[in-house]
Amino acid sequence: MERMLDVMNKMDKVLQVSGLTGGYSPKRPVLHEIEFSIRPGEMVGLIGLNGAGKSTTIKHILGLLTPQQGEVEVAGVRLAQHPEKYRSAFAYVPESPVLFDELTVEEHLRLAGMAYGVPGQDYETRAEELLIEFQMVPKRRAFAAHLSKGMRQKVMIMSALLASPPLYIIDEPFLGLDPLGIRSLLDRLVEVKRSGAAILMSSHILSTVEAYCDSFIVMHQGRIAAQGKLENIRSAAGFQEGTGSLEDAFYRLVAGGES
Amino acid sequence: MAEAGARLAVTWSERARAFRKEIFPYLRYMAQSGFPAFLSLLFIASAIGYFGLIRDVPPDFPLIEVGVVFLTPVLCWSPLRTWLAPADVVYLMPREHEMNVYLNRSLRYSVIWSSILAAAVFLLYVPVYQRGGGENDVWLLAVALLLLKGAGHYGAWRERRMSWGAARIFFRLGRWLLTAGVIGAWLLYPEWQAALFMFICMALLAAAYRLPRNQRFPWERLIQEEERTRKRYYSAFGMFIDVPVVSASIARRPYLSWLLPRIRYGQNHAYVYLYAASLIRTEIGGILIRLLLLGGLVSYWAADAATLEGWGAAISYAIFAFVMTLQLGGLRYVNRYTVWKNIYPLPLDGQREQFARLDRAALLTGLSILWLPASLPLLLGGYYVAPISIAAAMLIYVLAIRPARLRRKLMLEAEED
């Protein structure tokens, strides 16, 4: 996996979404002409109202939906071209935790390690570190069904971090997390970003997104309303240079309101 | 108040009807599947065996043991269909004070059906008991069993209300053991002694039931129980037709869990690991273990008596092996729709191959263990043909026929998905 990360660093883009139109039914596309890319070491915030198309975009990247037009490339390949390379290049943290009821916390980590081909020695150290960091040591032998929602979310995040891929796709990671959990996650994300991994994170907590992300994609009604650095978003929303927060700009872009 | 109660009774009936309607299509599929033919065959075979037994009960027939083994479960088992769902904690809980009406319907339903079952088992057992030399009056026995059945329902309800899981398990175990003891006493000892023993046990339990802390109305327990029952229905239907995904009920099963960490760590074992965990901890594993125990016991009896030159044990082995194989087939539907199957960087044919590997290992282990009680008594008694034949048939099936069939099925299902 680390060698893959080096290759990625040399590469231009970890994720490239081009001209993507898609959704659940060909008659009613949810997404229209979505176009963006993410480079190694970049953290991108995907923001939008409920129903704006964030989760549908993520599902297209995951390969769970088929594009009607356009394409998605991860690590330089399309899913159909090289499924294994495509899939091993990212880890996914879904909005609501989806765990196997019959596995314990520790066993989830082990399964993720096996699935992503993490070498045995690395698995042991990383799993131990993650359990400590996310305060899950006392729960290591608990079944997923017996965990609180926040703890389930932690297991998802830990599994993704354990895989240590070049790209993280994280959907609403803060829901249900306690303050320490949020802190650990953000610290870890900064760390993996420094090591060269890219992160696509969808969230409604705009202040956190603004503080941690390098650039932003604002989605509205299935289209990209604005994208780029904070200045780009602000100017798209009609703010003077250096004025307005991400939240102000977002509000203006999606609600058309005066902030 | 009475009106509100009546409304709840109507809710109960509507829910019961909705469930019947929900399962009807699956029953139809089951009826079309050849399962009824298998059941009829089983029925005919058991009927022949049964009438043969009562015509001529062998002198060494374990009369009392058989009575205890068959009567205890039907007297103690007291399932409760309440049709309660998680949302009822929000919508019905405010009417907890009127829930008696609702619950009484559930209790009545449970008492009627489980009593019919108990009566059927009792009626089948009575001729065996009388012809096998049992001396006690069967009418008195019937009255005693009726009392035990009532006490069983009462006890089961008290256990459901207990606040702590450990207390509940302890009391249930106690109730089952005491019931088994009382049945044994009624079959073996003079009636007055048995009656005395029964009343002492009942008084003891009744007093003990006062000790643990109780809930007024065990909402969560009842919802959980209803969910489990539903899952059982669906996992039974799942053997015949695709069923909506119901999350599996999980047990830790420490006596098997030690196997999991022994699965080699590596990408080409990831699905072996996942499905091994599913097998060990879901309902499928539980059912397989119960089948293995029951099959082992029945086959051992047949083998020990060397019925039909050992072929009796072979038939029993074949029947249990067939049902176990059928049951294990349900494993591929566990986690069928999990998103991780598509997300993990493992090729689909690799997933299938890993599943087939686990299926083969599990089946080989299960059927080999079942072979031991079905064959060792025969081999020791000098009967070789039956045990060696079933071992050979089993190996051919598990190592050659089953993997090919399973792969075909998995490919077909993957295309359908």
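What follows draws every value from the coordinates through simple rules; no lab data is involved. In this text, all values refer to a predicted model and were calculated from it rather than measured experimentally. Glycine gets a Cβ as well: all are built from the backbone with ideal geometry, and neighbour counts include every protein chain shown.
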Go through B:Leu308, B:Gln267, B:Ser368 and say which Cα lies farthest out towards the positive end of the charge dipole of segment B:248-416; charges sit on Cβ, +1 for Lys and Arg, -1 for Asp and Glu. B:Gln267
Tensor-based shape of segment B:161-234 (alpha-carbon gyration tensor, a/c under 1.5 rounded, otherwise prolate or oblate): oblate
Based solely on its DSSP helices, what 222 nm [θ] is calculated for chain B when runs of n ≥ 4 H residues each add -39,500 (n - 2.57) and the sum is averaged over all residues, nearest 500 deg cm²/dmol? -25000 deg cm²/dmol
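Sorting A:Ile157, B:Ile369 on the 10 Å Cβ count, fewest up front, what's the list? Write out the running numbers ahead of the final one.
Details: A:Ile157 24, B:Ile369 12.
So the residues, fewest neighbours to most, are B:Ile369, A:Ile157.
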How long are the semi-axes of the equivalent ellipsoid of chain B, taking √(5λ) for every eigenvalue λ of the Cα gyration tensor, in whole Å from largest down? 37, 34, 20
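Please arrange A:Met158, B:Met162 by how many other C-beta atoms lie within 10 Å of their C-beta, fewest to most. All intermediate terms of the calculation are to be shown ahead of the outcome.
Numbers: A:Met158 26, B:Met162 22.
Ascending Cβ contact count within 10 Å gives the list B:Met162, A:Met158.
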Given only helices, namely DSSP H runs of n ≥ 4 each adding -39500 (n - 2.57), what is the per-residue ellipticity at 222 nm of chain A, to the nearest 500 deg cm²/dmol? -12000 deg cm²/dmol
With the cut-off at 24 Å, tell me which of the pairs A:Lys54/B:Lys231; A:Lys229/B:Lys341; B:Lys341/B:Lys409; A:Lys27/B:Lys21; A:Lys13/A:Lys193; A:Lys154/B:Lys341 have Cα atoms farther apart than that. A:Lys54/B:Lys231; A:Lys229/B:Lys341; A:Lys27/B:Lys21
Say the dipole of segment A:13-80 comes from +1 at the beta carbon of Lys and Arg and -1 at that of Asp and Glu; which of A:Val44, A:Val74, A:Val30 then lies farthest toward its positive end? A:Val30
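Counting only other chains, and only Cβ atoms inside 10 Å, what mean value do you get across the residues of A:76-84?
Partner Cβ neighbours, averaged per residue: 1.
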Once the dipole of the protein assembly as shown is set up with Lys and Arg at +1 and Asp and Glu at -1 on Cβ about the Cα centre, which of A:Pro165, A:Ala145, B:Val74 lies farthest towards its positive end? B:Val74
Per residue of B:270-279, how many C-beta atoms from partner chains lie within 10 Å of its own C-beta, taken as a mean? 4
Within 10 Å of the Cβ of an average residue in B:341-350, the count of other chain Cβ atoms is 6
